[in-house]
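This report refers to the structure that appears directly beneath it.
Coordinate-derived values only; no laboratory data. Quantities reported herein were computed from a predicted structural model and do not represent experimental measurements. When we count neighbours, we look across all protein chains shown, and the Cβ atoms used for this are built from the backbone with ideal geometry, even at glycine.
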Amino acid sequence: MPTSIIASASSTSSGLPVDWDLARRTAARLVGSGPEVSRSEAVELVGRLRSDAAVAEGHVREVTGLGHGLPLLPADVVDRPAWSAAALAGMAALTADARLPEIGRAARAVTSRTAGVQIGGVVAYLGGRVLGQYDPFGGPDGEGRLLLVAPNVHAAQQALDVSSKDFGLWVCLHEATHRLQFTAVPWLRDYFAEQVGALLSVDAADKVSLTLEKLPELVRTLKESKGDSLAVVELLQGPEQRLVLDKLLAMTTLLEGHADHVMDAVGPDVVPSVATIRDRFTVRRRGGGGVVDRVLRALLGVEAKVKQYAVGAAFTDHVVLAAGMDGFNTIWESPETLPTRDELGNPGAWLARIHP
């Protein structure tokens, strides 16, 4: 159906107003290639990361009890530009069904170009820092793709001054856990997409009204939260969007914390320097570069994400200690058995609800 007919038939449009091609070009131009290494070093690292990904998922399955009978899929070891392109493709796929008010063809074109440049810049920034990622919507068939960013793994290992062999496997444990979460829990992928779609499908007029109504409170929150982007986002949500945001935050906090728990639960028999890596990496997460880097981290919600790791890992540690891994795995039965945002800070409440 032609675009003009769609526009005239409905007051809403599907997908975010983003020029994704422009975003890809912007990210590719800004992301940079990363540290220089010899060809032999690069070949060795790429080969080892590919092997580590398969080995890591085997260990993750043993620790979690998830994924029995599923095939061990390969990982894609990529450079920064390739990761940026894949990340943008995943964003486009995830947000394709968002229902937004139609703003007119000319206005949408301007908005999409501006958004394309902005999102491309954000992805370029992240592209210099992301070590790996499981994208449940990526890959040629849209069924998921595990990416490991070789130059960033190398740069982080050098900065932390830890064993290259141990660090690569440790990173793979985290990402392999994310892949198993989505591949071993059949409903999780669609549930995640539904919640993102619901969060993005907001009435623009209501959003503007809400922003103007809460402008004084917004200014006060910016000052009191010291740039906590999550606090600002929450303030600008209407009641329905806040409920969805709570579900998304609870789910992502659980997924990140569960992955951190697994990384450390594998233990020194597999990753001999795991304790050293964890200590130094935690400091790296909390830190940042100069003023510009810290501002960007705040704007992108990186500080909030760091808190997610700690809260989610503490919840997982508590539940596994109290109920064992089998008891913890009750979480994956349905959306209703996921912890709420409040329960993440009070794991005893989740245990009382699910394992009375």
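What to note about this one:
- Of the residues T330, T253, the one with the fewest other Cβ atoms within 10 Å heads the list, and the complete ranking is T330, T253.
- Remark: the D279-L72 segment gains 71.5 nm on full extension, using 0.36 nm per residue and subtracting the alpha carbon distance.
- In terms of other Cβ atoms within 10 Å, D19, D317 run from fewest to most in the order D317, D19.
- In this structure, A310 and S164 have a Cβ-Cβ separation that, at R0 = 35 Å, corresponds to a calculated FRET efficiency of about 0.85.
- D141-D190 FRET efficiency (beta carbon distance; Förster radius 22 Å; 0.05 resolution): 0.90
- Arranged from fewest to most other beta-carbon atoms within 10 Å of their beta carbon, D52, D190, D166 become D190, D166, D52.
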